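Contents: one structure, followed by commentary.
The values are calculated or read from the model by the stated rules, or taken from the named source; none is laboratory data. In this text the structure is predicted, and so the values were computed from the model without any measurement. Note: ideal-geometry Cβ built from the backbone for every residue, glycine included; neighbour counts use all protein chains shown.
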Ligand SMILES: [Zn+2]
Ligand SMILES: [Zn+2]
């Protein structure tokens, strides 16, 4: 399948004018056979080209490599998205006019970061489709020793060769499913924020995220029933989800309360030191936890209570001295203080209807089991007794309006 991205660009019903760096997304078997044609289609024929691989991928994809003026093969051992490593690689660049990154998520950052710094385009050849970062314009790198999600260049062209991607191990297939099923929660969070706080909302982008979710749900059901993964559908779902971030320059459509669980695991606050899991797995645990909690809340009726900022004692207790300052800063202008909590109560019937679009907990559990996905805290090294704490603590990691965060201004007795 080839996606022409121009249909999403331009004046939109939401009032904004959307732009996309990404012109074309190719998701096909043997897609690399026509790589030169796709490069020409996006205006990159004959441009001086550096292609970046890691040593594992370089070996694994022998015979599939693309033409290059310069090849850089980074040692796979110890490779991580970190500014010093990327800048070190940049000193080796031989004046490219385009950088092609061939590999998984980490290698993409070795393409997009230098390309951004040099003001040249970047092309992605993903060898995995276990998350939706490929078509996004966000990059998760370690800057000055701290993991940061920063705005970054999106690829002008993505060529996903399914002959390579189909080799992904089952764990990564399941993780990819989890990353997209999270839209059940993130879309609801976004729609609730629009209702109660008038947050910016784009129906076109929400539909695109919903489309990614529908495609993945269908593929996941099939995979659970037959054991066969429709890699083309699953990869396309990831690409569409990533585009929503690029269209908004924000992850609102793709990441809600559930995604904060992945941040929680990465940050290892006190009591979560042993937490461990790949992105989609942590997100799956978050999705299941939120689904349970949202359905529970929908059965109750809230009363509004006044907004109180997070106290420094609470932040110190939950996050410890290492993370204290960052969390305090993030919550400086708490979004909960920007609207009347009574709005939530007044819209509760509509919120209930939104929550009703999240599949029942039993249905989700059966699906997770069917696809071999992680979905319980203990699957990622967290004591299940901390379930509710996971919600409360993770909600403080990002100043974004989610139903989990709204619990601070609601009483459910
Ligand atoms: Zn729009
Ligand atoms: Zn994700």
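Miscellaneous remarks
- Condition broken by residue 112, with the remaining ones in (1) touching a residue at least 40 places away in the same chain (Cβ under 8 Å); (2) in contact with a helix residue (DSSP H, G or I) (Cβ under 7 Å, 6 or more places away or on another chain); (3) not in a strand (DSSP E or B) satisfied: (2)
- Some residue of region 254-264 being over 14 Å from residue 405 (Cβ atoms) and away from ligand 2 (no atom under 16 Å from the Cβ): no
- Scanning region 199-211 for residues that are in contact with a helix residue (DSSP H, G or I) (Cβ under 9 Å, 6 or more places away or on another chain) and surrounded by fewer than 24 Cβ atoms within 10 Å (Cβ to Cβ) yields 199, 200, 201, 202, 204, 206, 208, 210, 211.
- Here residue 219 fulfils each of the conditions (1) within 16 Å of ligand 2 (Cβ to nearest atom); (2) without any contact (Cβ under 8 Å) to a residue 60 or more places away in the chain; (3) surrounded by 24 or more Cβ atoms within 10 Å (Cβ to Cβ) apart from (1).
- On inspection, residue 72 passes the criterion of being part of a strand (DSSP E or B) and either without any contact (Cβ under 8 Å) to a residue 12 or more places away in the chain or touching a helix residue (DSSP H, G or I) at 6+ places or on another chain (Cβ under 9 Å) (or both).
- Taken as a whole, the structure places residue 136 among residues that are under 24 Å from residue 231 (Cα atoms), touching a helix residue (DSSP H, G or I) at 6+ places or on another chain (Cβ under 7 Å) and in the same structural domain as residue 26 (by TED's automatic domain parsing).
- Scanning region 10-47 for residues that are part of a strand (DSSP E or B) and surrounded by 15 or more Cβ atoms within 10 Å (Cβ to Cβ) yields 18, 24, 25, 26, 27, 28.
- Of everything listed in (1) in a strand (DSSP E or B); (2) away from ligand 2 (no atom under 16 Å from the Cβ); (3) under 30 Å from residue 370 (Cβ atoms), the single unmet condition for residue 140 is (2).
- Test: residue in region 253-268 that is assigned by TED's automatic domain parsing to the domain that holds residue 337 and within 16 Å of ligand 1 (Cβ to nearest atom): yes
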